[in-house]
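Working notes, structure below.
Every number here is computed from the coordinates shown, using simple stated rules; none is lab data. Owing to the predicted nature of the structure, the values given are computational and were not obtained by experimental measurement.
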Amino acid sequence: MDTNSSLIEKFYTSFTQRIPGGMIACYSSKITFNDPVFSLTGKRAGAMWHMFCEGGSDLEISFGDVEADDRGGKARWEARYTFSPTKRKVHNIIHAEFIFEDGLIVQHRDRFDFWRWSRMALGPTGLALGWTPFVSKRIQRAGVERLNRFVAAHPEYQE
């Protein structure tokens with residue numbers, strides 16, 4: 001396995017074991033992370049993963065389809081957990097894309113079907129309105145507020 005494939009494997013193996021430091025060690029200090037909820041740079045990207053690792057006790061992560069070359073890579077990963085605000089079970093399927101620089105991940109983009117996620121996480125509200133900008137903005141705001149509280153309690157992530 002080449003170095004960048006190994007880097008992706010290390011990232012997700014650390015996630016499955018809930019070792020945020022192992023995940024963060026795969027990131028460049030110039031990291032940019034984007035998904036349908038978060039758009040983060042630097043230490044805040046690492047803080048998000050740390051927050052997820054400390055999150056719900058039923059979080060289960062699996063991954064596969066890892067591919068990489070000298071410049072970029074991709075993987076598919078899945079998260080199974082209970083969405084704490086609604087206590088609803090979620091099975092999210094995520095497609096990750098990476099760009100590497102100097103042996104580390106410098107860009108990480110996760111894509112998933114937000115409407116599918118919102119139907120599981122929010123139930124009838126997600127079914128009816130999960131595709132709307134109103135719901136996605138509300139979830140984004142809640143995610144950022146939760147991350148802000150986490151960063152405030154963890155000075156190592158403050159920039």
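Highest mobility in the GNM of the chain, judged by mean-square fluctuation with C-alpha springs under 10 Å and restricted to Phe15, Phe83, Phe100, is found for Phe83. Here the Karplus relation 6.51 cos²θ - 1.76 cosθ + 1.60, evaluated at θ = phi - 60°, turns the backbone of segment 29-34 into coupling constants of 5, 9, 4, 10, 10, 9 Hz, with x for every Gly and Pro.
Residues whose amide H comes within less than 5 Å of that of Ser28, counting only those at least five positions distant or on another chain, are Ile105, Val106 (H built at 1.01 Å from N in the peptide plane).
On a 23 Å Cα-Cα criterion, which of the cross-link pairs Lys30/Lys74; Lys89/Lys137; Lys30/Lys89; Lys10/Lys87; Lys43/Lys89 come out too long? In this structure, Lys30/Lys89; Lys10/Lys87; Lys43/Lys89 lie more than 23 Å apart at Cα.
The alpha carbons of the chain stretch over 45, 35, 28 Å along the principal axes, in descending order. Helices of the chain meeting both criteria, an alpha-carbon length of 27 angstrom or more along the long axis and an average Kyte-Doolittle score not below -0.5, with helices taken as full DSSP H segments, are 133-153.
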